[in-house]
Every structure is written in structure tokens, then in C-alpha cells.
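Step one of this worksheet: look at the structure below.
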Amino acid sequence: MLVMVVDSSTPAVTAALVRVDELAVAVVAERVTVDGKAHGELLAPQIQAVLAEGHAAPGDLAAVVAGTGPGPFTGLRAGMVTAAALAHALDVPVYGVCSLDGIGHPLPGRVLVATDARRKEIYWSVYHDGTRVTGPAVDKPAAVAAREGLAVDGAAGDGAEKYADVLGLPVLPLLHPSARALAELAADRVLSKAPSETLVPLYLRRPDAVAPGERKPALP
């Protein structure tokens, strides 16, 4: 079964054509572009590119998998809207996966996964042999480093790299969500042809942009 995987929760804009069967999950074609300001512009061309590279048509897709964050509002929304629109247009199910799981799932041992949340904060979770045991949450890096019982051997994600001096942990070489891992985490739903899901973004905090307040009268 061919599946399109998209994630835009970090500056790495990802689209991948993935084959899912009972035995394995294999990436057929993948495009990853690190550009935190062009999620909307990059995703559609990348989807077209991986379909062409995989010699597949949109109608060959059995499902769409989307990273649901946590991530900054605008970038995350671009990927989720694209995934939902593609699934709707093709009349195939769409499944959501926490984007931090796309980093933590492939990693052995007990690790911290942290991505850049801006405002000098990180989105983070703790994983044990690929299973999330804490989070997701958003905090200052120093607050995470000071938590009792964290007990991790290393850290992954672009937030871990950016705040390595504060976290005081060895940085593992996986900085962004893995398309293969996201597909693996949705594989059971894909293979069982589970009903389509309503994608729920993990913002974890209010967006930076807010609606303008009521204008104050200029006259006394």
C-alpha cells in the first residue's frame, strides 16, 4: 500500500512516498527541505516530486499520514491542511502522528526529544526504546534540564542541538521527524484500513498571532 507522509512541524519540510505492507515499511522517495519560512510553498511541489520519482499517481495512494506537531502555528498548519486536503480529494483516510514520535520512535534507550518552539522554549518528550513515556510539553530548556527523574542518556531534535549547552546532554544525530518512523507508527491503521481521522494539531500554547481587540474611541 502506498502512503504519502507529510510533516511541517519543524523547519524540515518533509514529503515522502512510503510503501507499507505486513512485513516492512519502506521509503520509496523522499524530499526534505530545511526552510522554516516556506512550508506552504514547498509541500505541494515536494509531493509531486516524490510521486514522480516513485512512478506513482495520486490515485495510487491508499492513505495520507501527517505529523501533528507540536510545532509553531503557521508551519504546522500548512502541513496538516495539505494532508487533509489531499486525503479529501483522493477520498482516502488520513492519520495523524505526534511529530516528536517521528524522532523518538527509532531511537534505543531513554532519550529526550526536543524541537525548537521559538520564544526560547522547546517542545519535548521522553522516550524509552522508542515509546513515549513523558510529554509532549513546552518549556524553557533550563526547566526541562532541572526536572527530577528525567534520567535520559542523550537528546535528539533541533531543539536539543540548539540548547545543548543548557540541557547538558549528548546530542544524537536525528534532528527532524523521520518519514519512515511516522509511517511505521501509522502502519497498523493503514493496513487495517481504519477510518479516517480528524487531524488535531498539538500547538500546546496559543499562536503568536491574535485577533485585534476592539478599537478604543478616539474622542473622550
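The values are calculated or read from the model by the stated rules, or taken from the named source; none is laboratory data. Predicted model only: the values in this text are computed from it and were never measured. Glycine also receives a Cβ, built like all others from the backbone with ideal geometry; neighbour counts cover every protein chain displayed. Remember, those area values only see protein heavy atoms, side chains included, never the ligands or the DNA or RNA. Shrake-Rupley method; radii C 1.70, N 1.55, O 1.52, S 1.80 Å.
I'd like the full set of residues that are crowded, with 19+ Cβ neighbours inside 10 Å and modelled with pLDDT under 95, limited to segment 27-41.
Result: 39, single match.
Does segment 72-96 hold any residues that are open to solvent by less than 30 Å² (accessible area, probe 1.4 Å) and either in a helix (DSSP H, G or I) or in contact with a His (Cβ under 9 Å, 6 or more places away or on another chain) (or both), and which are they? Within segment 72-96, 75, 76, 78, 79, 80, 83, 87, 94 qualify. Could you figure out which of (1) open to solvent by 20 Å² or more (accessible area, probe 1.4 Å); (2) under 21 Å from residue 99 (Cβ atoms); (3) modelled with pLDDT under 95; (4) of a type outside the set (Phe, Trp, Tyr) isn't true of residue 24? With (1) open to solvent by 20 Å² or more (accessible area, probe 1.4 Å); (2) under 21 Å from residue 99 (Cβ atoms); (3) modelled with pLDDT under 95; (4) of a type outside the set (Phe, Trp, Tyr) applied to residue 24, the lone miss is (2). The set of residues from segment 157-175 being buried (at least 17 other Cβ atoms within 10 Å of the Cβ), on the phi < 0 side of the Ramachandran plot and small (Gly, Ala, Ser) comprises 159, 160. In segment 103-119, the condition of being part of a loop (DSSP other than H, G, I, E, B), crowded, with 16+ Cβ neighbours inside 10 Å and either aliphatic (A, V, I, L, M) or modelled with pLDDT under 95 (or both) is met by at least one residue.
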